[in-house]
Amino acid sequence: MPETENGWLPDLLYRDGKFESGVALFAGANGRTTRFSREPEDLRKAERLSGRALLPGLVSAHSHSFQRAIRGRTERRTAAGRDSFWTWREAMYHTANRLSPDDVYAVARMAFLEMALSGITTVGEFHYLHHSPDGTRYEDPNLLAKYVVQAANDVGVRIVLLRTAYARAGWQMAPNPGQARFITPSADTFLSDTEELRQWAKGRASVGVAPHSVRAVPLEYFMRVVEYATAQRMPIHMHAAEQPAEIDACLNEHGVRPIELLQRHGLLGPLFTAIHAIHVTEEEIGFLAQAGARVCACPTTERNLGDGAVPADKYREHGVPICLGSDSNVQIDLLEDARELEYHLRMKKLERAVLACGTEPENLAHSLFESATRVGAASLQAGHEADFFTVDSNDPAIAGASEDSLLSHIVFSAGRSAIRDTYVAGKAIVQDGRHAQQAEITEEFRTVQRKLWS
Ligand SMILES: [Zn+2]
């Protein structure tokens, strides 16, 4: 084994759709997986991870880390009478406008800490807090994006910063002061700011673009952003069809539905991921499939906000891959998102094993786990780094699983306490359920919470 190579030997290792014993994983100094080995000499040299199963790191492809600040603070009825996504959004704006740059860092660090503890090794951060609360640009227009990247770097989680374009409240709508921090009126400014961030981020993060939605970004602006990102081969993420009102607004402005609009203008493609994509027609699903695009479902957030259930069965039929995101971060537990993708359809259709493909025992768990890992990595263009997590096979939630049922035990029943170690680029960021900066990160977050809520 070269000196620069590290190896790990768990009881069981998940690869190619099954768990195997007697296999060690090796990573080079560059943090990339170099090989798997069954050679006795390699097994002796590898670090023994006893009582552990090792799995590839989870990918949350869609997060707004700052929204961790409102967790637990919006679970009540407001004076609106009928509460919805839209009343929640006002509460979210109110808090977003009270966060200083240091608060943005502290809240992001808390969210990323919880991600690390839950086995998430890569986050796609859909970042739209750009300016000071009254909309004035900071001297460095990427100040807040850089604080968020710094927070991920400090926790050790890999980050893809999806820099968000947001131009307006909506078609023919008066500006909403709650959105002043998000707005960049000109596409030229957005693109030069994004390019500046991309240069700065080298070695720290990768950068993608996120035209917020067809509501918030006019078509011409949208086209400029997609043209730039396509030339640079950057991921393109967009909220789409989360709520029915968005569809009506798009029909009023353009005469077509959001996904159809993008299809007509050639804006869908393999770099494109539609976030939520709940209220879609079969034709729109077909457009995403033809373009080789993906969908990102965020089931824990979608149920929390009353958005609806992603028609994952229809996407499956058309061959559109689905990844997962923790989105509002009301919960950070990507395995819960994976099982909810299936459970929401069970509740709707009064059936079981809706997303299973044939009768192979572990294929349902495998396909949900692919959504939580490989599809998310593809959506964010994350590479083949040695990012992985371990579970304790004696954890009460999964104890008694056999090698050929362990993935179903993990996907359907494991809580976060079963997750013990998290590695990014071959480096342990969580060991035995603890992160080295956990106490400090939590205390700093508590200080922000006291400021916001007392
Ligand atoms: Zn979102």
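Which strands (runs of 3 or more DSSP E) sit wholly inside the stretch 1-65 and have at least 1 residues that are within 16 Å of the ligand (Cβ to nearest atom)?
58-63
For the stretch 306-329, enumerate the residues that are within 16 Å of the ligand (Cβ to nearest atom) and buried (at least 21 other Cβ atoms within 10 Å of the Cβ).
If the condition is that a residue be within 16 Å of the ligand (Cβ to nearest atom) and buried (at least 21 other Cβ atoms within 10 Å of the Cβ), then ASP307, VAL310, ILE322, CYS323, LEU324, GLY325, SER326, ASP327, SER328, ASN329 are the ones that fit.
Return yes when HIS276 is within 16 Å of the ligand (Cβ to nearest atom), under 30 Å from ASN363 (Cα atoms) and either assigned by TED's automatic domain parsing to the domain that holds ALA372 or in contact with a helix residue (DSSP H, G or I) (Cβ under 8 Å, 6 or more places away or on another chain) (or both) and no when it is not.
Criteria met by HIS276.
Based on what the data block shows, is VAL149 within 16 Å of the ligand (Cβ to nearest atom) and either touching a helix residue (DSSP H, G or I) at 6+ places or on another chain (Cβ under 6 Å) or modelled with pLDDT of 95 or more (or both)?
no
Quickly run through the stretch 288-301 and pick out the residues that are under 26 Å from SER60 (Cβ atoms) and outside any loop (DSSP other than H, G, I, E, B).
Those that are under 26 Å from SER60 (Cβ atoms) and outside any loop (DSSP other than H, G, I, E, B): LEU288, ALA289, ALA291, ARG294, VAL295, CYS296, ALA297, PRO299, THR300, THR301.
I want to confirm something. Restricting to the stretch 108-135 and keeping residues that are in a helix (DSSP H, G or I) and within 16 Å of the ligand (Cβ to nearest atom), which single residue is surrounded by the fewest Cβ atoms within 10 Å (Cβ to Cβ)?
MET115
Which residues, counting only those in the stretch 394-422, are farther than 21 Å from ASP337 by Cα and surrounded by 21 or more Cβ atoms within 10 Å (Cβ to Cβ)?
ALA401
Only one residue in ARG352, ARG339, ARG416 is of a type in the set (Lys, Arg) and farther than 30 Å from ALA293 by Cα, so which one is that?
Exactly one of ARG352, ARG339, ARG416 is of a type in the set (Lys, Arg) and farther than 30 Å from ALA293 by Cα, namely ARG416.
Search the stretch 240-251 for residues being in contact (Cβ under 8 Å) with a residue 60 or more places away in the chain and not in a loop (DSSP other than H, G, I, E, B), and hand back the single one that is nearest to the ligand (Cβ to nearest atom).
ALA245
For VAL310, all conditions in the list (1) assigned to a helix (DSSP H, G or I); (2) over 15 Å from the mean Cα position of the chain (by Cα) hold save one; what is the number of the exception?
Against the list (1) assigned to a helix (DSSP H, G or I); (2) over 15 Å from the mean Cα position of the chain (by Cα), VAL310 comes up short only on (1).
Select, from ASP42, ASP83, the only residue that is of a type in the set (Asp, Glu) and over 30 Å from ASP387 (Cα atoms).
After ruling out the rest, the residue left standing is ASP83.
The values are calculated or read from the model by the stated rules, or taken from the named source; none is laboratory data. Worth saying up front: this structure is predicted, and the values here are computed from it rather than measured. Note that we place each Cβ from the backbone using ideal geometry, even for glycine, and neighbour counts take in every protein chain shown.
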